[in-house]
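Below you'll find the structure, written out as structure tokens, and then a few comments.
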Amino acid sequence: MKVTLFADKKQGKINKYWTNCVGSCHAATALREDWRKQLKKCREELGFEYVRFHGLLNDDMSVCLRKSDGSLEYSFFNIDSIFDFLLDIGMKPFIELSFMPSALASGTKTVFHYKGNITPPKSYDEWADLIGALADHLVRRYGVEEVREWFFEVWNEPNLDMFWAGTMEEYFRLYQSAARAIKKVDSELKVGGPATAIDAWIPELKEFCSKNGVPLDFISTHHYPTDLAFGLGSDMEERMARAGRGELTVRAKKAIEEAYPLPVYYTEWNNSPSPRDPYHDIPYNAAFIVKTIIDNMDLPLGCYSFWTFSDIFEECGLSSVPFHGGFGLLNIHGIPKPSYRAFQLLSKLKGDRLETVIDEGSPTVDCIASRSQEGITILISNHQVPLSPIQVETISFTIKGIRGVRLAFVERIDEMHANPRRVWIEMGSPTYLDQEQIQKLMEASELIKEPVGWIADNNGITIGVVIQPHSVVAISLLLED
């Protein structure tokens, strides 16, 4: 494969849309010290700005209780604890309004190990009162200018039976009640939905809001290459294999068209919707992430929130197994997975995006390059869907428009680099780790800077690299003055 980069030709600034938000398990986990430590690490090293989680209104958050006289009592103490922490580390909440407090619920159907109630409210007026009281409390505590920078998203994936026991029309009524209650507190607070799986209900919600004069500031939705909801089945790999390479970009373009002129916020994405998917823990997912981010670089996405930052995650209960296929970038011990390192390499992209011409291509390789005062970064992925052909690729990069290179090095994510799961397997796959094992796995997760040579001639600077299947390579060039 041959690629030419033009260091003096710019294609605009790098759009770090993927850092705008990241996902998490339900709100109560945000009261844990280890959760907070991991999120702070992600904020500092990966630059995430907002965090989104389910269950802000769950009973385990003690938000809404019905007293013996039939009246309702609200408590926002736990919410304040979480939001105080987020602001303290320089982040903000992307507020998902779910699930239904038992005191308001019309039924007893629940989802997940932590039993989030998925039924409509008995009284939509009481639901509106709760949402209005919450919005008013947040504005009083944090100031209206601050809360205007937050987002209120109504519910989670109401198009799936497992998350919403009502109909689409009942969800629209839920949305309407919440949106009007929020806007009553302040007209500039941002509210949106439908927070659906598989990019669904976008035209329908827009039409409903337009016909009924209901506020709608943004569209939010979710997608995975395969949307087998909560996919725990043995055919997940086959489902992933049937998804087209670059499937998420095709879907995102359609969602953007349907949402226009409203901004689109993807508040969940990953390679699969299963919290027990082995692909989440291996270099495959790093290559998938980098390829997807490159594909979407030119799309006008408000955010692209990876699901999730941590394996401290309780939808199926909290697994003690260090590498159990959880969604997280970090495992339960805070050990970075290859997916974490993918975002770390993505963070090296900054400044101007450089014009790139692929003279001889590969069907599985994608690349992007940027230039800043720190030098030039070239990021490459070699990705293919499971059970499809992929091979080792040799790539020759010619960089034009620079005087010379002072230093060049590569960092890799592949089977032998930044892959702690491999070392864990070599340990015998222990369920419980001691501190020595944790430290060894931390070391195995590190990105290693390896010097790389180059050739300078009249054509420019030429660098050659080899990239393994399902892997990522970053080339960093420090330039001569």
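The values are calculated or read from the model by the stated rules, or taken from the named source; none is laboratory data. Note that the coordinates shown come from a computational prediction; the quantities given were computed from them, not determined experimentally. All Cβ positions, glycine included, derive from the backbone under ideal geometry; neighbour counts span all protein chains shown.
Screening the candidates 43, 52, 32, 141 for the property of being touching a residue at least 60 places away in the same chain (Cβ under 8 Å), in the same structural domain as residue 335 (by TED's automatic domain parsing), buried (at least 18 other Cβ atoms within 10 Å of the Cβ) and basic (Lys, Arg) yields one hit, 52. Every condition in (1) within 20 Å of residue 78 (Cβ to Cβ); (2) within 28 Å of the chain's Cα centre (by Cα) holds for residue 103 except the one numbered (2).
Residue 428 falls short on exactly one of the conditions (1) at pLDDT 95 or above; (2) in contact with an Asp or Glu (Cβ under 6 Å, 6 or more places away or on another chain); (3) small (Gly, Ala, Ser), and that condition is (2).
Can you name the residue in the stretch 198-217 that is part of a helix (DSSP H, G or I) and hydrophobic (A, V, I, L, M, F, W, C) and, of all such residues, is modelled with the lowest pLDDT? Top of the filtered list is 198. Looking only at the stretch 242-270, residues that are part of a loop (DSSP other than H, G, I, E, B), touching a helix residue (DSSP H, G or I) at 6+ places or on another chain (Cβ under 8 Å) and either at pLDDT 95 or above or not assigned by TED's automatic domain parsing to the domain that holds residue 111 (or both) come to 2 in all.
Residue 443 fulfils the conditions (1) in contact (Cβ under 8 Å) with a residue 12 or more places away in the chain; (2) closer than 19 Å to residue 411 by Cβ except for a single criterion, (1).
So, in the stretch 298-329, exactly how many residues are closer than 19 Å to residue 252 by Cβ, assigned to a loop (DSSP other than H, G, I, E, B) and modelled with pLDDT of 95 or more? Walk me through it before giving the result.
Filtering the stretch 298-329 for residues closer than 19 Å to residue 252 by Cβ gives 298-307.
Checking the rest, the ones that are also assigned to a loop (DSSP other than H, G, I, E, B) come to 298-300, 307.
Subset that is modelled with pLDDT of 95 or more: 299-300, 307.
Here the count works out to 3.
Against the definition (of a type in the set (Gly, Ala, Ser), over 21 Å from residue 19 (Cβ atoms) and under 22 Å from the mean Cα position of the chain (by Cα)), how does residue 347 come out, yes or no? Here the answer is no, as residue 347 does not meet what is asked.
Looking at the stretch 406-419, can you tell me whether even one residue there is farther than 19 Å from residue 346 by Cβ and touching a His at 6+ places or on another chain (Cβ under 7 Å)?
Looking only at the stretch 406-419, we keep the residues that are farther than 19 Å from residue 346 by Cβ, and these are 406-408, 415-416.
Those still in the list that are touching a His at 6+ places or on another chain (Cβ under 7 Å) too: none.
No, the stretch 406-419 contains no residue that is farther than 19 Å from residue 346 by Cβ and touching a His at 6+ places or on another chain (Cβ under 7 Å).
Can you name the residue in the stretch 302-347 that is under 21 Å from residue 411 (Cβ atoms) and of a type in the set (Ser, Thr, Tyr) and, of all such residues, is surrounded by the most Cβ atoms within 10 Å (Cβ to Cβ)? If we take residues in the stretch 302-347 being under 21 Å from residue 411 (Cβ atoms) and of a type in the set (Ser, Thr, Tyr), then 339 is surrounded by the most Cβ atoms within 10 Å (Cβ to Cβ). It is to be established whether one or more residues within the stretch 228-241 are over 17 Å from residue 305 (Cα atoms), at pLDDT 80 or above and of a type in the set (Ser, Thr, Tyr). No.
Of all residues in the stretch 7-23, those satisfying the criterion of being within 15 Å of the chain's Cα centre (by Cα) and not in a strand (DSSP E or B) are 16, 17, 18, 19, 20.
On the stretch given as the stretch 371-399, residues that are touching a residue at least 60 places away in the same chain (Cβ under 8 Å) and surrounded by fewer than 16 Cβ atoms within 10 Å (Cβ to Cβ) total 7.
Whether a residue is in a strand (DSSP E or B), outside the structural domain of residue 445 (by TED's automatic domain parsing) and touching a residue at least 40 places away in the same chain (Cβ under 8 Å) was assessed, and residue 284 does not pass this test.
Looking at the stretch 165-182, can you tell me whether even one residue there is in the same structural domain as residue 86 (by TED's automatic domain parsing), surrounded by fewer than 23 Cβ atoms within 10 Å (Cβ to Cβ), on the phi < 0 side of the Ramachandran plot and without any contact (Cβ under 8 Å) to a residue 24 or more places away in the chain? Checked against the condition, which is being in the same structural domain as residue 86 (by TED's automatic domain parsing), surrounded by fewer than 23 Cβ atoms within 10 Å (Cβ to Cβ), on the phi < 0 side of the Ramachandran plot and without any contact (Cβ under 8 Å) to a residue 24 or more places away in the chain, the stretch 165-182 yields at least one hit.
Is it fair to say residue 362 is modelled with pLDDT under 95 and among the small types (Gly, Ala, Ser)? So residue 362 passes the test.
Tell me the strands (runs of 3 or more DSSP E) entirely within the stretch 395-481 that contain at least 2 residues that are within 30 Å of residue 241 (Cβ to Cβ).
Values: elements: 405-413, 455-457, 460-467, 471-479.
Fully inside the stretch 395-481 and qualifying: 405-413, 460-467, 471-479.
Of the helices (runs of 4 or more DSSP H) that lie entirely inside the stretch 113-197, those containing 3 or more residues that are modelled with pLDDT of 95 or more and basic (Lys, Arg) span 168-185.
Only a single item in (1) touching a Gly at 6+ places or on another chain (Cβ under 6 Å); (2) assigned to a strand (DSSP E or B); (3) surrounded by fewer than 22 Cβ atoms within 10 Å (Cβ to Cβ) is not met by residue 359, and it is number (1). Of all the listed residues (155, 127), the sole one being buried (at least 19 other Cβ atoms within 10 Å of the Cβ) and closer than 22 Å to residue 265 by Cα is 155.
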